[in-house]
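Everything below concerns the one structure shown next.
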Amino acid sequence: MTKEVATPTRKIIHVDMDAFYASVEQRDNPELRGKPVAVGSPVARGVVAAASYEARVFGVRSAMPSVTAARQCPDLIFVKPRFEVYRAVSMQIRSIFAEYTPLIEPLSLDEAYLDVTENLKGIAIATDIATEIRARIKQVTGLNASAGISYNKFLAKMASDLNKPNGQAVISPKNGPAFVEGLPVKKFHGVGPATAKKMAALGIETGADLKEKSVEFLTDHFGKSGPHFHGIARGIDNRQVRPDRERKSVGAEDTFAIDIADLEAAKRELVPLVAKVWRYCAGHAIAAKTVTVKIRFADFQIITRSRTVPTAFPNENAILTAAITLLEAAYPFRKSVWLLGVTLSSLGHSNVPSATQLEFLL
Ligand SMILES: [Mg+2]
């Protein structure tokens with residue numbers, strides 16, 4: 001038996017709206033109620049942004065190509081997204097959260113972590129707070145939310161999925177470690193498909209497998225995430241709930257296994273970076289006017305080149321074109337390239353998403 005150092009147990013709630021965009025559409029249009037609905041466009045390269053529970057019965061999921069979704073569910077009704085409405089509902093939900101705690105960290109328009117250890121209403125039991133918040137959300141917006149209650153962010157997030165839709169679940173300090181041990185790592189929040197595959201190749205399929213690996217081993221294989229994985233395998237996650245701050249920039253960068261000396265090769269490396277920042281912006285209804293390309297050379301010199309446009313970039317391709325122009329201006333390279341980064345800034349709200357934006361919406 002190991003004795004844990006006594007630290008005051010935190011109370012974290014993860015609130016997640018059920019099928020958010022689709023539920024808003026069903027709320028506002030009675031004809032859609034009880035029917036399989038996909039928010040998104042049925043065009044050839046379109047993607048489902050959100051699916052109603054009736055559509056999920058047919059296997060329709062968000063991020064699925066619209067064509068696939070329509071094949072799996074022939075009666076599927078496609079509805080155009082209305083981000084200005086989703087954003088307004090999101091603000092209503094956040095003001096409900098703010099009645100309970102100032103420690104609110106939104107993950108997207110429809111989910112947030114709340115630290116209610118010291119809550120404004122002096123309610124002792126976090127489960128009661130979650131019940132109240134969900135009732136208030138229903139009363140104010142007419143929509144269902146689910147919640148997870150636990151002693152850290154990782155477990156609260158996992159818990160909110162357990163009794164979805166319109167439910168909540170608690171993972172207590174006593175149950176946390178066993179819960180994680182039994183969970184497949186591919187279900188862990190923060191373990192994407194690529195990491196899950198890498199873990200599988202190392203013989204890590206469940207939390208119990210992960211727990212057997214040393215922090216050194218995990219750091220060797222997963223870098224900065226190693227200590228985090230080592231902690232969550234034991235139900236430990238010390239990340240704080242970071243209160244709502246407006247994001248100033250959205251960035252992605254990649255260090256290359258092989259130095260890149262060639263302009264065409266460097267241009268190709270920009271494609272996934274632009275795709276990543278664009279996907280984030282589209283998913284959070286963020287518009288950007290400035291793109292910055294960062295280049296780190298083999299001699300450790302770093303240069304950045306920026307371009308600002310008068311109106312927000314309309315689509316991924318416009319960002320890529322601007323990024324390529326910036327890269328070309330830095331060519332010939334002083335040394336081979338070790339790292340490339342793409343950052344979007346001068347951010348605002350994108351209330352009218354373009355068709356292209358929707359295609360990349362996840
Ligand atoms: Mg949700």
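General remarks:
- By the count of other C-beta atoms within 10 Å, a proxy for reagent exposure, Thr255, Thr127 are ordered fewest to most as Thr255, Thr127.
- Value in Å of the Kirkwood radius, where the chain supplies the Cα pairs that are averaged: 22.5
- For the pair Thr325 and Gln139, a Förster radius of 56 Å applied to the C-beta separation gives a FRET efficiency near 0.65, rounded to the nearest 0.05.
- The stretch between Phe58 and Asp299 holds 81.3 nm of extra length on full extension. This uses 0.36 nm per residue minus the Cα-Cα distance.
- Sequence-distant aspartates and glutamates (8 or more away, or on other chains) whose Cα lies within less than 19 Å of Lys335: Glu253, Asp254, Asp259, Asp262, Glu264, Glu269, Asp299
- Taking only alpha carbon atoms, region 20-82 gives an Rg to Rh ratio of 0.92, where Rh is the Kirkwood radius.
- Two-decimal Rg/Rh across region 1-146, once Rg and the Kirkwood Rh are taken from alpha-carbon atoms: 1.09
- Region 177-232: equivalent-ellipsoid semi-axes (sqrt of 5 x gyration tensor eigenvalues, Cα, Å): 15, 13, 10
- Dipole of region 64-136, positive direction: furthest Cα of Leu120, Leu76, Ala88, with charges on the beta-carbon: Leu76
- Residues Cys281, Cys73, sorted so that the one with the fewest Cβ neighbours within 10 Å comes first: Cys73, Cys281
- Pairs with C-alpha atoms separated by more than 20 Å, drawn from the list Lys11/Lys248; Lys187/Lys211; Lys35/Lys157; Lys157/Lys197, are Lys11/Lys248; Lys35/Lys157; Lys157/Lys197.
- Whole-Hz ³J(HN,Hα) from phi, Karplus 6.51 cos²θ - 1.76 cosθ + 1.60, for region 274-280, glycine and proline x: 5, 4, 5, 5, 5, 4, 4
- Ranked by how many other Cβ atoms sit within 10 Å of their own Cβ, fewest first, the residues Ile303, Ile13, Ile93, Ile137 fall in the order Ile303, Ile137, Ile93, Ile13.
- With all pairs of separate Cα atoms included, region 249-356 yields a Kirkwood hydrodynamic radius of 13.9 Å.
- Inter-part distance where region 296-321 and region 22-75 are each reduced to a Cα centre, Å: 35
Coordinate-derived values only; no laboratory data. Remember, predicted model here, so these are calculated numbers, not experimental data. With ideal geometry, Cβ positions are generated from the backbone for all residues, glycine too; neighbour counts draw on all protein chains shown.
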